[in-house]
2 protein chains.
Amino acid sequence: MLTTSRGEIPTPAFMPVGTRGVVKTLSPEEVRDIGYRMILANAYHLYLRPGHTVVESLGGLHEFMQWSGSILTDSGGFQIYSLARMSKVTEEGVLFQSHLDGLKHLFTPELSVAVQEALSADIIMCLDDVRGYPIEKAEASDAADRTTRWARRCLESKKRVDPALFGIVQGSMFSDLREMSAQSLTSLDLDGCAVGGLSVGEPREVMLEILEVTVPLLPDRSPRYLMGVGKPVDILDGVLRGIDLFDCVLPTRNARNGMLFTSKGPINMRNSCYRDDPRPADPHCACALCANYSRAYLRHLFLEKEIYGLRLATIHNLSFYFQLMQDIREAVEQNRLRYFAQEFVSHMEEHND
Amino acid sequence: MLTTSRGEIPTPAFMPVGTRGVVKTLSPEEVRDIGYRMILANAYHLYLRPGHTVVESLGGLHEFMQWSGSILTDSGGFQIYSLARMSKVTEEGVLFQSHLDGLKHLFTPELSVAVQEALSADIIMCLDDVRGYPIEKAEASDAADRTTRWARRCLESKKRVDPALFGIVQGSMFSDLREMSAQSLTSLDLDGCAVGGLSVGEPREVMLEILEVTVPLLPDRSPRYLMGVGKPVDILDGVLRGIDLFDCVLPTRNARNGMLFTSKGPINMRNSCYRDDPRPADPHCACALCANYSRAYLRHLFLEKEIYGLRLATIHNLSFYFQLMQDIREAVEQNRLRYFAQEFVSHMEEHND
């Protein structure tokens, strides 16, 4: 269980991604009706547009977007690395050009905290020094060390009592760097720890190995968050290794591409085999899509590029992820997670007709 | 009051456009919650994709799209004219190439009725011979006559008892042709009459003149429908001249372009003056947008191209139209429609700040 001033979130939990102050295509009521109590938003994007001071002047992000649940904001480290142009890391912070208009900005640990506090997020993340994959060990070491030094500055600059502040373990795919990063971060007075820099193109076994080295070093009295991961099977692997919190664009982004998660593996709704198929997308699902509509109708909406199709598919995929997390929590309680994971994976490999 | 087997629709009424079996961006519940009990769909589009036989095999359009209210389908005459390639009118019907794949189709009055019956529409329209504007009088006369002959064939080919069949008055902007068309159509045993071929680029006064000539010739015991019209002020003008039923893409299409109808005239939500505006789009509106969100948030969604913005704007504009029709019905009951129309127009010309 994870507790914020907005309520309790049973863990392990998955957070839908609402980068710009909206979970793409959905209303806050729809996100809540699926069962979610916490979403992810992003400091980099909201800092650039509409501006954190605008959001603050309108009562903070919860009020702005009418979301009464909890919000975790990412610090912007990853987005500056992946989106901004000409980013340059110094000890002070990251100098970058906005991907929107090319204007220069200096994002420091202190500014990242100030932005996230202005947004009134319930959980805020320390700014991390994010590098590409693969990288040289010296660069990875340097970035991981800097991430810890920046975490200390984030802690010192934090003004509000309410939000929890999480640190981010870096160290690329080097086990000893990950150990060092985890140990130095956990010596700080942080409210939780995230594992960053995974699921960036490395082989699956490497990710699992890094998790196995890192997670045991993170205190189990506070939440352990695996950032940006992932596929249902990755989430199972993460929970098996002690992760409590996940986020990923996969269910929402894939939905908009017509790819639906089902208990028997993914299906693509554009497929002509669904042309006059009266069955629900997933007969085992009770979401607003599966309770009401045929595969034929959803396919029709996708072929006609009708926005309502994107909504229904998004509701379905987020419902699938929510049900998965509920099943995982139940399996953990009943001490049969390993068995559940095996069953889940074998079902996912059945053929959909 | 207009009655179908699905229920009663207080008139004058506006129908949201759901051409392809969905009111763009909205769920059927949202359309119903605004207050609408009848929508418009289209025989041409649904015949081409997904195919009327597919919709029929899945239980008809109401079941397909989960809309429990009434549905009026347009016959396809206007869409063949405006969208199809190489359309050629003969006495038998219209030969055209699909705008989707170039395949040739022959749409006859009989096929149009069969398509609309397969869709299980509650009100179906006769196939009309639609021409451009301006046209020569001889061509307009020919097309109006053919439209009446086709209406007779539609009536004869109708197999189901349930749906009401409406004819369409044509005759371009020639008063005498309109009179002739209205008189010959109303001699048939039709359940209602529509005025087609208006709001196609003609001056406003010309449209009003044609309405004034045509509507008095249509029986007032059955509904009189002005197709594809229009702006709020056009609807007022139509009601003042005896029209009961309207449809138009304007509220939904303009919404997706960020243009919101308000009691003080239209506003464009992209305007930078709304950057940090905490007020609702229209303080006099109680829709899901205006009850919950600031102009600043809606502007943010539009700038970020977030689909949820299109939804909220669509809900607002359809709510505005629904409220307008409710106000019109009240004014008609209280015998003060002309006063209401004057007040409405003068408010619409006030400046929004």
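When segment B:1-35 is filtered for residues that are at negative phi and in a strand (DSSP E or B), the ones remaining, listed by number, are B:2, B:3, B:4, B:8, B:9, B:13, B:14, B:15, B:17.
Each row is one residue, and each column tells you yes or no for (1) of a type in the set (D, E, K, R); (2) within 24 Å of the chain's Cα centre (by Cα).
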{"site": "A:135", "(1), (2)": "no, yes"}
{"site": "A:141", "(1), (2)": "no, no"}
{"site": "A:145", "(1), (2)": "yes, yes"}
{"site": "A:148", "(1), (2)": "no, yes"}
{"site": "A:183", "(1), (2)": "no, yes"}
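Give segment A:1-32 a look and list any residue that's over 19 Å from the mean Cα position of the chain (by Cα) and without any contact (Cβ under 8 Å) to a residue 24 or more places away in the chain, or say none. The one that is over 19 Å from the mean Cα position of the chain (by Cα) and without any contact (Cβ under 8 Å) to a residue 24 or more places away in the chain: A:29. Taking segment A:70-124 and the strands (runs of 3 or more DSSP E) fully enclosed by it, the elements with 1 or more residues that are of a type outside the set (Phe, Trp, Tyr) and in contact with a Gly (Cβ under 6 Å, 6 or more places away or on another chain) are at A:104-107. Which of the residues that make up segment A:194-209 are within 14 Å of residue A:144 (Cα to Cα) and in contact with a helix residue (DSSP H, G or I) (Cβ under 9 Å, 6 or more places away or on another chain)? Result: A:195, A:196, A:197, A:198. Hey, any hits in segment A:241-250 for a residue that's among the β-branched types (Val, Ile, Thr), open to solvent by 20 Å² or more (accessible area, probe 1.4 Å) and out of contact with any Phe, Trp or Tyr (no Cβ under 8 Å at 6 or more places or on another chain)? Taking every residue of segment A:241-250 in turn, at least one turns out to be among the β-branched types (Val, Ile, Thr), open to solvent by 20 Å² or more (accessible area, probe 1.4 Å) and out of contact with any Phe, Trp or Tyr (no Cβ under 8 Å at 6 or more places or on another chain). Scoring residue A:325 on the criteria (1) open to solvent by less than 20 Å² (accessible area, probe 1.4 Å); (2) over 28 Å from residue A:193 (Cα atoms) leaves a single failure, condition (2). Being under 26 Å from residue B:55 (Cβ atoms) and small (Gly, Ala, Ser) holds for only one residue in B:112, B:199, B:175, B:187, and it is B:112. Which of the following residues is out of contact with any Pro (no Cβ under 8 Å at 6 or more places or on another chain) and either of a type in the set (A, V, I, L, M) or open to solvent by 10 Å² or more (accessible area, probe 1.4 Å) (or both): B:100, B:58? Going through B:100, B:58 in turn, just one is out of contact with any Pro (no Cβ under 8 Å at 6 or more places or on another chain) and either of a type in the set (A, V, I, L, M) or open to solvent by 10 Å² or more (accessible area, probe 1.4 Å) (or both): B:100.
Look at (1) more than 14 Å from chain B (Cβ to nearest Cβ); (2) of a type in the set (Ser, Thr, Tyr); (3) open to solvent by 10 Å² or more (accessible area, probe 1.4 Å); (4) within 30 Å of residue A:3 (Cβ to Cβ) and you find that residue A:47 fails only one, number (1).
Taken over segment B:157-170, the residue count meeting the criterion of being part of a loop (DSSP other than H, G, I, E, B) and touching a residue at least 12 places away in the same chain (Cβ under 8 Å) is 6.
Can you tell me which residue is nearest to the other protein chains (Cβ to nearest Cβ) among those in segment B:50-69 that are among the small types (Gly, Ala, Ser) and on the phi < 0 side of the Ramachandran plot? Out of the qualifying residues, it is B:57. Here residue B:72 fits the description: in contact (Cβ under 8 Å) with a residue 24 or more places away in the chain, more than 9 Å from chain A (Cβ to nearest Cβ) and closer than 21 Å to residue B:129 by Cβ. Filtered by the rule that a residue be in a helix (DSSP H, G or I) and closer than 20 Å to residue A:153 by Cβ, segment A:171-222 gives A:180, A:181, A:182, A:183, A:184, A:185, A:186. Pairing each residue of segment B:322-341 that is among the small types (Gly, Ala, Ser) with any residue that is modelled with pLDDT of 95 or more, provided the two are 6+ apart or on different chains, yields C-beta distances under 7 Å for B:331/B:337; B:331/B:340; B:341/B:236; B:341/B:240. Filtering segment B:159-174 for residues that are surrounded by fewer than 22 Cβ atoms within 10 Å (Cβ to Cβ), among the polar types (S, T, N, Q) and under 29 Å from residue B:85 (Cα atoms) leaves an empty set.
Among all positions in segment B:75-94, there is no residue which is open to solvent by less than 60 Å² (accessible area, probe 1.4 Å) and facing chain A (nearest Cβ under 10 Å). Against the condition surrounded by 16 or more Cβ atoms within 10 Å (Cβ to Cβ), free of Cβ contacts under 8 Å to residues at least 40 places away in the same chain, part of a loop (DSSP other than H, G, I, E, B) and touching a Cys at 6+ places or on another chain (Cβ under 6 Å), how does residue B:277 come out, does it pass? Taking the combined requirement at face value, the residue does not satisfy it. In this structure, residue B:232 does not qualify as in contact with an Asp or Glu (Cβ under 6 Å, 6 or more places away or on another chain) and either open to solvent by 40 Å² or more (accessible area, probe 1.4 Å) or in contact (Cβ under 8 Å) with a residue 60 or more places away in the chain (or both). From A:318, A:289, A:301, which residue is under 22 Å from the mean Cα position of the chain (by Cα), under 23 Å from residue B:310 (Cα atoms) and among the hydrophobic types (A, V, I, L, M, F, W, C)? Sole residue among the options that is under 22 Å from the mean Cα position of the chain (by Cα), under 23 Å from residue B:310 (Cα atoms) and among the hydrophobic types (A, V, I, L, M, F, W, C): A:318. Scan segment B:238-269 for residues that are part of a loop (DSSP other than H, G, I, E, B) and not acidic (Asp, Glu) and the total you get is 14. Does residue B:194 satisfy the criteria of being over 22 Å from residue B:236 (Cα atoms) and either within 21 Å of the chain's Cα centre (by Cα) or among the hydrophobic types (A, V, I, L, M, F, W, C) (or both)? It is false that residue B:194 is over 22 Å from residue B:236 (Cα atoms) and either within 21 Å of the chain's Cα centre (by Cα) or among the hydrophobic types (A, V, I, L, M, F, W, C) (or both). Need the failing condition index for residue A:225 against (1) buried (at least 18 other Cβ atoms within 10 Å of the Cβ); (2) over 30 Å from residue A:186 (Cβ atoms), just the number. (2) is the only condition that residue A:225 fails.
Checked against the criterion of being among the polar types (S, T, N, Q), in contact with a Phe, Trp or Tyr (Cβ under 7 Å, 6 or more places away or on another chain) and surrounded by 13 or more Cβ atoms within 10 Å (Cβ to Cβ), the candidates A:317, A:292 yield just one match: A:317.
Restricting attention to segment B:286-309 and to residues that are more than 14 Å from residue B:267 (Cα to Cα) and hydrophobic (A, V, I, L, M, F, W, C), the residue that is farthest from the other protein chains (Cβ to nearest Cβ) turns out to be B:286. The single condition among (1) within 17 Å of the chain's Cα centre (by Cα); (2) in contact (Cβ under 8 Å) with a residue 60 or more places away in the chain that residue A:267 does not satisfy is (1).
Checking each residue in segment A:61-74 for being open to solvent by 60 Å² or more (accessible area, probe 1.4 Å) and closer than 25 Å to residue A:101 by Cα picks out no residue at all. Just wondering, is there one or more residues in segment B:146-156 that are open to solvent by 30 Å² or more (accessible area, probe 1.4 Å), under 27 Å from residue B:13 (Cβ atoms) and either assigned to a loop (DSSP other than H, G, I, E, B) or in contact with a Gly (Cβ under 8 Å, 6 or more places away or on another chain) (or both)? No; the residues of segment B:146-156 include none that is open to solvent by 30 Å² or more (accessible area, probe 1.4 Å), under 27 Å from residue B:13 (Cβ atoms) and either assigned to a loop (DSSP other than H, G, I, E, B) or in contact with a Gly (Cβ under 8 Å, 6 or more places away or on another chain) (or both).
The values are calculated or read from the model by the stated rules, or taken from the named source; none is laboratory data. As the structure is a computational prediction, the values presented were derived from the model and not from experiment. As a convention, Cβ positions derive from the backbone with ideal geometry for all residues, glycine included, and neighbour counts pool all protein chains shown. Surface areas here come from the heavy atoms of the whole protein model, side chains and all, with no ligands, DNA or RNA. Shrake-Rupley method; radii C 1.70, N 1.55, O 1.52, S 1.80 Å.
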